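Bear in mind that the values in this text are calculations on the coordinates, not laboratory data. What you see is a predicted model; the values in this text were computed from it and never measured. So basically every Cβ, Gly included, is an ideal-geometry build from the backbone, and we count neighbours across all protein chains shown.
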Amino acid sequence: MDIRSIHALLRDRFENIIGELQTPERGDASIAVAAEGLADVCRFLRDNDATRFDFLRLISSVDRGTRLSSIYHLYSYPHSHTAVLRVDVDREAPRVPSVSSIWASAEWHEREAFDMMGIIYENHPELTRILLPDDWEGHPLRKDYQPPAEYHGLTNT
């Protein structure tokens, strides 16, 4: 099943939750999903016989200026097809439902996106920093991030 067919299937099932299919000149096409419907869409894609997305390859995140994106790269071993879902949220209140109850591997990916970008994954079982120390301030992959001049006696020069 190609991405256009997957998009059409999702639009039919979740018409108010599914947005446009973005097809850039380079890179993977992605399907926009409203944050409030993400878990239902992901569960459907995992459990539906036509899609059977049984593997979450990764979750990435992007700072788009006024919005942050949480991007889900899915793969189906039974069907050998892929899909990319994109959830855009306001950078001042970046909240996205966790999909860790759907794919256990999401726990680590969501923690990394939280640590580096500051996206809060609601209902995550342990949303804590995974790469940086617990007392680190800010999220280094945001475009407006300013690194500290000093951290525990170490200077940033």
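Evaluating 6.51 cos²θ - 1.76 cosθ + 1.60 at θ = phi - 60° for every residue in region 24-32, the Karplus couplings come out as x, 4, 10, x, 7, 5, 9, 9, 6 Hz, glycine and proline recorded as x.
With kT/(6 pi eta Rh) evaluated at 10 °C and eta = 1.306 mPa s, and Rh the Kirkwood radius from Cα pairs, the chain diffuses with a coefficient of 96 µm²/s according to Stokes-Einstein. Spatial offset of region 22-44 relative to region 125-155 amounts to 29 Å, using the alpha carbon center of each. On full extension, the segment bounded by Thr128 and Lys143 gains 3.3 nm, given 0.36 nm per residue less the C-alpha separation.
Using only side-chain charges placed at the Cβ, +1 for Lys and Arg and -1 for Asp and Glu, the dipole size of the chain relative to its Cα centre rounds to 440 debye. When the GluC sites (Glu not before Pro) in region 36-118 are filtered for DSSP coil states and for at most 12 other beta-carbon atoms within 10 Å of their beta-carbon, the remaining sites are Glu92. When only alpha carbons of region 48-98 are considered, Rg and Dmax amount to 13.1, 39 Å. Cβ-to-Cβ counts within 10 Å put Ser80, Ser69, Ser105 in ascending order as Ser80, Ser105, Ser69, the fewest first.
A cut-off of 5 Å between modelled amide H atoms, ignoring neighbours fewer than 5 places along the same chain, links Gly19 with Ala32, Val33, Ala34.
Taking amide hydrogens as placed 1.01 Å from N in the peptide plane, the amide H of Arg57 sits under 5 Å from those of His73, Leu74, Tyr75, each at least 5 positions away in sequence or on another chain.
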